[in-house]
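The values are calculated or read from the model by the stated rules, or taken from the named source; none is laboratory data. Everything numeric here is computed off the predicted structure, so don't read it as measured data. Here the Cβ positions follow ideal geometry from the backbone for every residue, glycine too, while neighbour counts run over all protein chains shown.
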Amino acid sequence: MDHAATTPVRKEVLDEMMPYFSEYYGNPSSIYYLSNFSKIAIDKARERVAKTINAEKNEIYFTGGGTEADNWAIKGIASKLRDKGNHIITSKIEHHAILHTCEYLEKNGFEVTYLNVDEYGMISLDELERSIKDNTILISIMFANNEIGTIEPIKEIGSIARKHNVIFHTDAVQAVGSLPIDVKDMNIDLLSMSAHKLYGPKGVGALYVRKGIKIDSLIHGGAQEKNKRAGTENVPGIVGLGKAIELAYSELEENTAKLVELRDYMIKNIQNRIPEVRLNGHPTKRLPGNVNICFRYIEGESLLLSLDMYKIEASSGSACTSGSLDPSHVLLAIGLPHEIAHGSLRLSLGIKNTKEEVDFVIDKLVTIVDRLRQMSPLYEKNQEGK
Ligand SMILES: *Cc1c(COP(=O)(O)O)cnc(C)c1O
C-alpha cells in the first residue's frame, strides 16, 4: 500500500537487465566489440523513453534518479540564465527534491515564488500568470503530487510559460508510468522521471530537455550523455527504465481502469465505515492509485505502527518526511490545521494489489482507528461534548 514510495522491479524488467551486469558489461565509452552491446542497449532505452512521452531520442538524458533530474533542471537553468534573470516560480507542494533545491538557490542570490494551492492541492493559473516578472527564468510545477495525488493543469501551465517566454519544468516522477504524457502537446520544456516509481530499478531516472533549451551540467567529468551528464552510464539500470516505461504504457489503459476502481472502492468504504474522516486531494483529478485520508483525533505515526503489525505498509505524509515530527508541508498547504494534518494516512495502490487486500486493509483500519480513538484524550473530550 506504499507504491508512491517505491515499486518492485517487474520480472520482465529484471530479465532484460540481467545480461548487462556480467555478460555484456562493457563500458559504453570503450571502442571494442563488447562495448557495442552496452551502447546499443542504451540507445534502445533512450528510444523507448522518448517514444512514450512524444519526445525525440536526443532530448532524453539519463540520470541517477528523480532527485538528480530535479536538481539538474533547476540548478542547470538557474546557472545558465543567471544573466537573464534570477526569479523562479514553483509551488508550495513540490517534492523536497524541488523545494530544497530552490531554498539552496535562494541562499545564492535567486528569488523564488512558492505558489499557493487550493483545498484540493491545485495551483491557480491566474496566480501563476500574475507571478511572472521580467526576471522570471523558470517555472517548475509538479505533474502530480506524491502525497495527495492531485494532478496539476500541466498543459495550461505550459502554455502560460510559452506565452511569456519562460522555461517550464515539471517533476513528473509520480506521473510517468501512470498518466498519458505528451511533452509537445503539453508545452513542456523539461521533465523529470524516475524508474523505481514505475516498476523499474532504483537509482536511475531521466531528464527530458527540449531541443533548443540550453542548460548547464550538474555533474562534470567525462563526455557521456552528449557532454551533458558525466559518469559511466548505469547500463542495467537504463535498460530497466526503458523496459519498465514501455511496459507501463503498453498496459496503461487496463491498469488505470483497475486502479481507479480499487482506489474509489477503498475511499468510499473508508468513508462509509469510519466516522470523522476527510479525503485529501482532488476527488477526480487524482493519481489512479492514490488514497490519502485524515482520521481525526489520532496520530498518523500510531496508525502506521499498528498497520505494520498486520504487515500493511503505508505512509503518513511522504517517505522523505516520515521520521520527522513536522506535519506534511503538502497538507498544511491545502489548509489543514496541524492537529488534523498529523492524523493523515497515504495508501498508494499498485498494479498487483487485489480487492481482497484492500478489504483486509479496510477491516484492519476500522479496528485500529476505533482502538486508537478510545485511547485519545482529544476524542474523549469531543464525545463528551456531544
Ligand atoms: C520519488 C520522487 C522524487 C525523487 O525521485 P528519486 O528517484 O527517488 O530520487 C521526486 N519527485 C517526486 C514527485 C517523487 O515522488
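On inspection, Glu129 does not qualify as surrounded by fewer than 23 Cβ atoms within 10 Å (Cβ to Cβ), touching a Gly at 6+ places or on another chain (Cβ under 7 Å), part of a helix (DSSP H, G or I) and of a type in the set (D, E, K, R).
Please enumerate the residues belonging to region 26-59 that are in contact with a Ser or Thr (Cβ under 8 Å, 6 or more places away or on another chain) and free of Cβ contacts under 8 Å to residues at least 12 places away in the same chain.
So the first thing to find is which residues in region 26-59 are in contact with a Ser or Thr (Cβ under 8 Å, 6 or more places away or on another chain), and the list is 26-29, 35.
Answer for region 26-59, where residues must be in contact with a Ser or Thr (Cβ under 8 Å, 6 or more places away or on another chain) and free of Cβ contacts under 8 Å to residues at least 12 places away in the same chain: just Ser35.
Go through (1) more than 20 Å from Asn269 (Cα to Cα); (2) at pLDDT 90 or above; (3) outside any helix (DSSP H, G or I); (4) touching a helix residue (DSSP H, G or I) at 6+ places or on another chain (Cβ under 6 Å) for Leu331 and report which single condition fails. That leaves (3) as the condition not met.
Quick check: is even one residue across region 141-163 surrounded by fewer than 24 Cβ atoms within 10 Å (Cβ to Cβ) and on the phi > 0 side of the Ramachandran plot? Looking for residues that are surrounded by fewer than 24 Cβ atoms within 10 Å (Cβ to Cβ) and on the phi > 0 side of the Ramachandran plot, one finds none in region 141-163, hence no. Among the residues of region 13-33, those identified as among the polar types (S, T, N, Q) and outside any helix (DSSP H, G or I) are Asn27, Ser29, Ser30.
One residue alone among Ile137, Ile245, Ile238, Ile148 is in contact with a Lys or Arg (Cβ under 7 Å, 6 or more places away or on another chain), within 16 Å of the ligand (Cβ to nearest atom) and assigned by TED's automatic domain parsing to the domain that holds Ile53, and that residue is Ile245.
Restricting attention to region 280-310, the residues that are polar (S, T, N, Q) and over 13 Å from Asp370 (Cα atoms) add up to 4.
Closer than 24 Å to Ile157 by Cα, among the acidic types (Asp, Glu), without any contact (Cβ under 8 Å) to a residue 12 or more places away in the chain and outside the structural domain of Leu303 (by TED's automatic domain parsing), is that true of Glu68? It would help to see each step written out before you state the result.
Working: closer than 24 Å to Ile157 by Cα: yes; among the acidic types (Asp, Glu): yes; without any contact (Cβ under 8 Å) to a residue 12 or more places away in the chain: no; outside the structural domain of Leu303 (by TED's automatic domain parsing): yes.
When the stated conditions are applied, Glu68 does not pass them.
Restricting His100, His96, His87 to residues that are in contact with a strand residue (DSSP E or B) (Cβ under 9 Å, 6 or more places away or on another chain) and of a type outside the set (Val, Ile, Thr) narrows the list to His87.
Per the listing Glu251, Glu299, Glu313, the residue uniquely touching a Gly at 6+ places or on another chain (Cβ under 7 Å) and surrounded by fewer than 20 Cβ atoms within 10 Å (Cβ to Cβ) is Glu299. Only one of the numbered conditions (1) assigned to a loop (DSSP other than H, G, I, E, B); (2) surrounded by 17 or more Cβ atoms within 10 Å (Cβ to Cβ); (3) out of contact with any helix residue (DSSP H, G or I) (no Cβ under 9 Å at 6 or more places or on another chain) is not met by Val183, and that is (3). None of Thr101, Thr90 is of a type in the set (Val, Ile, Thr), under 21 Å from the mean Cα position of the chain (by Cα) and part of a strand (DSSP E or B) except Thr90.
The set of residues in region 235-283 that are part of a loop (DSSP other than H, G, I, E, B) and over 28 Å from Gly205 (Cα atoms) comprises Ile274, Pro275, Glu276, Asn280, Pro283.
Against the test of being part of a helix (DSSP H, G or I) and either closer than 24 Å to Met142 by Cα or among the aromatic types (Phe, Trp, Tyr) (or both), the options Asn71, Asn54, Asn36 yield a single qualifying residue, Asn71.
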